[in-house]
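**Q** Here's a structure for you.
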Amino acid sequence: MKLDCPISQFRVAADKSVKLKKTATKIDPLYTSDQDYESKLANYREEIAHWQSVLFAGQQQSLLLIFQGMDSAGKGGAIRHVMSGINPQGCQVHSFGRPSEEELAHDYLWRCLVRLPRRGMIGIFDRSYYEEVLVVRVKPEVLAGQSLPTSLVQQKNFWKDRYNDIRHHESYLHRNGTKIVKFFLHLSADEQRKRLLARIDDPGKNWKFRLGDLDCRSHWAGFQKAYQECLEQTSTAESPWYIVPADDKRNARLVVSQVILQTMQKMDLKFPTASSGLVQDLATARKLLQDEAAAH
Ligand code: AMP
Ligand code: MG
């Protein structure tokens, strides 16, 4: 399938500097009407579903999709809309909120490691270990609650070391057959204000609102800075970040689906060829079934 825009424009090249202030949160729409949007998304979903069935049949590789962004950036909606067509048996979504007591009692990757996708599966992280260089960095009280030895927290390269941990972790997973793609849904502060107000004003959206969202919003500049450094430090050729303009939710979903589709197209996925034993079993089974039909 031909893609509608060169998605490489959203990809963060390894070791390149990122200027979020200069990076668009809104672009010309990739769709011309409601109907065009629906039909494009449906086409992408169908093809993603196809590749997902090949991934599942192969049982060799896995795909991990990570979604990050400020509150109301549209992570949940993107996951729901893009992945809704695929076989639920081959896909698992995990949301990472504030860590539990048990999670805090372990190293910071632990809770994510145990939820990594098995071979053949697509794993989706709605927030992830990246929060460890985002909210944990922006809000010192969160780091203080992690019970780390003081001498470690005071190390000069504390955050650099975390980026290193993450890069190594992802490169290790790559060498184990897990393809990782990371999406930063890039939202403007103006659009967030509108979306948070909608959550307050629309009874159907009240459940999404948390007072903590305003607290994060009050640290907007700090978060943008932390995201910027995180994107610069952890985008690699193998496990790239994509900065998705997120002020238009539908456009964001089209971009996300194109990235997922292109990633899967490049994973060299194939249905496994039947072993000679299986070929023999198939022939035997065919004969049994045909004989059964002939006996009727
Ligand atoms: P939501 O995704 O809107 O349900 O919100 C989840 C909240 O959990 C966000 O405010 C995150 O910043 C927060 N969160 C996620 N991971 C961590 C973490 N490792 N430490 C502290 N807070 C976190
Ligand atoms: Mg939220």
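The values are calculated or read from the model by the stated rules, or taken from the named source; none is laboratory data. Since the model is a prediction, treat every value here as computed from it, not as a measurement. Ideal geometry is used to build each Cβ from the backbone, glycine not excepted, and the neighbour counts take in all protein chains shown. What goes into the accessible areas is simple: the full protein's heavy atoms, side chains included, and nothing from ligands, DNA or RNA. Shrake-Rupley method; radii C 1.70, N 1.55, O 1.52, S 1.80 Å.
**Q** For Thr178, enumerate residues with amide H under 5 Å from its amide H, sequence gap 5+ or separate chain, H modeled in the peptide plane.
**A** So Thr178 has HN proximity to Ser62.
**Q** Follow-up question, since we're still on this one. If you add up the charges near Val181, with Lys and Arg at +1 and Asp and Glu at -1, over every other residue whose beta carbon is less than 13 angstrom from its beta carbon, what do you get?
**A** Details: positive: Arg11, Lys179, Lys182, Lys266; negative: Glu170, Glu238.
Net charge around Val181: +2.
**Q** Provide the per-residue ³J(HN,Hα) series for region 190-197, in order, calculated from phi with Karplus coefficients 6.51, -1.76, 1.60 and θ = phi - 60°, each as a whole number of Hz, with x at glycine and proline positions.
**A** Ordered by residue, 3J(HN,Hα) equals 4, 5, 5, 4, 4, 5, 5, 4 Hz.
**Q** Something else about it: Determine, for each peptide in 142-153, 4-15, the mean count of other beta carbons within 10 angstrom over its residues, then list the peptides with the highest first.
**A** 4-15, 142-153
**Q** When only Cα pairs under 8 Å and 6 or more residues apart are kept, what is the percent relative contact order across region 17-142?
**A** The normalised contact order for region 17-142 reaches 33 percent.
**Q** Hey, could you get me the Stokes-Einstein D for region 78-184, Kirkwood radius over alpha-carbon pairs, 25 °C and 0.890 mPa s, rounded to whole µm² s⁻¹?
**A** 159
**Q** In 5 Å bins starting at zero, report the fraction of Cα pairs in the chain per bin as a rounded %.
**A** 1, 5, 10, 14, 16, 16, 13, 9, 5, 3, 2, 2, 2, 1, 0, 0, 0
**Q** Whenever you get a sec, compute what percent of the accessible area on region 46-110 sits on carbon and sulfur atoms (1.4 Å probe).
**A** Working: 1550 of 3110 Å².
So the carbon and sulfur contribution to the accessible surface is 50 percent.
**Q** May I ask you to derive the relative contact order of region 149-291, considering only C-alpha pairs under 8 Å and at least 6 residues apart, and to give it as an integer percent?
**A** Numbers: 74 pairs, mean separation 43.8, N = 143.
Relative contact order comes out at 31 percent.
**Q** Around Asn164, with a cut-off of 15 angstrom between Cβ atoms, what is the net charge of the other residues, counting Lys and Arg +1 and Asp and Glu -1?
**A** Values: positive: Arg137, Lys156, Lys160, Arg162, Arg167; negative: Asp15, Asp107, Glu132, Asp161, Asp165, Glu170, Glu229, Glu232.
That sum, taken over residues with Cβ under 15 Å, equals -3.
**Q** Strictly over 22 Å apart at the Cα level, which of Lys160/Lys249; Lys19/Lys182; Lys26/Lys75 would you flag in this model? Mind dumping the intermediate values first?
**A** Values: Lys160/Lys249 33 Å; Lys19/Lys182 17 Å; Lys26/Lys75 16 Å.
The answer is Lys160/Lys249.
**Q** Less than 15 Å Cβ to Cβ from Ser33, Lys/Arg counted +1 and Asp/Glu -1: what total charge do the surrounding residues give?
**A** Details: positive: Lys40, Arg250; negative: Asp4, Asp28, Asp34, Asp36, Glu38, Asp248.
Value of the local net charge: -4.
**Q** Using a 10 Å cut-off on Cβ atoms, rank the peptides 79-89, 49-59, 117-127 from the highest mean neighbour count down. Each step should come with its number before you reach the end.
**A** Working: 79-89: 16.1, 49-59: 17.6, 117-127: 19.7.
Ranking the peptides 79-89, 49-59, 117-127 by packing returns 117-127, 49-59, 79-89.
**Q** Additional query: Divide by every residue of the chain the summed helix terms, -39500 (n - 2.57) for each DSSP H run of at least 4, and state the resulting mean residue ellipticity at 222 nm, rounded to the nearest 500 deg cm²/dmol.
**A** Values: 13 runs with 145 residues, N = 296.
My calculation for the chain gives -15000 deg cm²/dmol from helical runs alone.
**Q** Okay, next question. How tilted is helix 220-234 with respect to the longest principal axis of the chain? Cα atoms for both, answer in degrees (0 to 90, nearest 10).
**A** 50
**Q** Among 248-254, 106-112, what's the highest-first ranking by average C-beta atoms within 10 angstrom per residue? Each step should come with its number before you reach the end.
**A** Values: 248-254: 22.6, 106-112: 16.1.
Per-residue Cβ counts within 10 Å, averaged per peptide and sorted highest first, yield 248-254, 106-112.
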